[in-house]
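Take a look at the structure set out below.
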Amino acid sequence: MNVLGIETSCDETAAAVVTGDGAVLSSIVASQAELHARFGGVVPEVASRRHLELVSPVVRAALEDAGVGLEHVDRVGVTQGPGLVGALLVGLSAAKAIAWARGLPLVPVDHLQGHVASLYLEPDPLEPPFTCLLASGGHTMVLAVRDRSGFDVLGSTIDDAAGEAFDKVARVLGLGFPGGPAIDRHAREGDPAHIAFPRGLTGGRDPIYDFSFSGLKTAVARWVEARRRDGEDVPVAHVAASFQEAVADVLTRKAVRACRDNGVDHLMIGGGVAANTRLRALAAERCEAAGIRLRVPRPGLCTDNGAMVAALGAEMVARGRAASTLDLPADSSLPVTEVSVPGHTHTHTPGQGQGHSHAHAHEVAGGNLY
Ligand code: KG4
Ligand code: ZN
């Protein structure tokens, strides 16, 4: 079985062909990062228009790369949400058009669950139950993954997502957009202990699995502004390394804690921020010390891509999920589950995927597909 996956929830137009047993035949990601860079963040209307231009050539490139025609595709998986509604609608419309024209079943998938499904595209994946730390431009959560089709949210950010903090700090430092990869690069030359930036929500009385990054972002901005006011040079590499260390410290600390508290000794990390070199290294170190088996998909599967959507689509078909009808709507804020953890109960409703993007550009030529 070949599944075509289409992802357009934020600023990456992506398509992939994945087989029923998880082999990635192709994965094309057209990043809009450069387009949004001049605005310092994703502009929803601009993103929708660009998706419209890119979606057909990206799908065609995915089919060509996989060496298959539409006649060899058995299912179309597509991100239904959460994300920017105009952006989602472009992918959904393309998926519906293909499904209708070829008489193929249409399988809608949840973007967050897609990030979890990226794990199943790697060799020797963990099997549920496992803990998942999901850190992207739009979301930061700790999930208890029950089985391949469901999870509970143990905690999430109460303000900025981790990737959003990377992007905002990069803007303060003048490193451009998207910020994550730039900070990652600059941090290699810096000292992570140079500045002791705050670790949000790590006090004894704070919610154990929730995150807060907006105080950290403000602390970095104030520190940088103070140096500039005094006419001093800003040690960009040290600031980047110290900020990155604070994020990686909090994320890994809480993820390991969730594993320990829930008696789970498997952890996966997904989402764009999981591409971060320091986060990956610190997670490996702390998991080894705690006897936890860790899996982090390769960076290209952490950031938004179509392969995770196709993989989840294939999984849902295997589980007997019925195909959707062609009136399937976009859902920009797909509800995530009600949280019920001893001593820690509240409802999480994730906001729109204000996610940003990373620089995985794969230029494709224009043209019509159908
Ligand atoms: O998962 P993703 O591609 O899109 C969303 O669903 O949001 O994540 C994008 C986010 C951006 O904020 C970007 O700056 C961040 O992931 N990111 C990184 C790195 N690569 C991408 N953050 C830190 N280090 C990286 N190497
Ligand atoms: Zn994402």
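The values are calculated or read from the model by the stated rules, or taken from the named source; none is laboratory data. Just so it is clear, the model here is predicted, and its values are computed rather than measured. Every residue, glycine as well, gets a Cβ built from its backbone with ideal geometry; the counts of neighbours run over all protein chains shown. Please note that ligands, DNA and RNA were not included when accessible areas were found on the heavy atoms of the full protein model with its side chains. Shrake-Rupley method; radii C 1.70, N 1.55, O 1.52, S 1.80 Å.
Below is a table of values for the structure above.
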| item | result |
| --- | --- |
| Rounded, prolate or oblate (a/c below 1.5 giving rounded, otherwise prolate when a/b exceeds b/c) for region 48-175 by Cα gyration tensor | oblate |
| Beta bridges per DSSP with both ends in the chain, % antiparallel, nearest 5 | 60 |
| Highest-MSF residue in the chain out of Thr325, Thr19, Thr252 [GNM, Cα springs under 10 Å] | Thr325 |
| Value of [θ]222 nm, deg cm²/dmol, for the chain, DSSP H segments ≥ 4, -39500 (n - 2.57) each, nearest 500 | -12500 deg cm²/dmol |
| Student exercise, the chain dipole from Lys, Arg, Asp, Glu Cβ charges, in Debye to nearest 20 | 360 |
| Nearest-10 value in Å² for the accessible area of Trp223, using the 1.4 Å probe | 50 |
| 0 to 90° range, to nearest 10: angle between helix 306-318 axis and the chain longest Cα axis | 60 |
| Listed peptides 254-263, 7-16, 207-216 by packing density, highest first (mean Cβ within 10 Å) | 7-16, 207-216, 254-263 |
| Whole-Å semi-axes of region 1-87's equivalent ellipsoid (Cα gyration tensor) | 26, 12, 10 |
| Which of Pro235, Val3, Pro125, positive extreme of dipole for the chain (C-beta unit charges) | Pro235 |
| Surface/4 of the Cα convex hull for the chain, nm² | 17.7 |
| Proximal aspartates and glutamates to Lys96, defined as alpha-carbon separation beneath 12 angstrom and excluding residues fewer than eight positions away on the same chain | Asp327 |
| Nitroxide proxy distance, nm - points 7 Å out along Cα→Cβ at Glu71 and Arg253 | 6.0 |
| Nearest-ten-degree value, helix 214-229 long axis tilted from longest Cα axis of the chain | 60 |
| Order by protection proxy (mean Cβ within 10 Å, highest first), peptides 284-291, 78-85 | 78-85, 284-291 |
| Accessible-area composition of the chain, carbon plus sulfur, in percent [1.4 Å probe] | 50 |
| Distance from region 45-65 to region 230-279 (C-alpha centre basis), Å | 33 |
| Mean Cβ count within 10 Å, highest first, over the residues of peptides 173-179, 143-149 | 173-179, 143-149 |
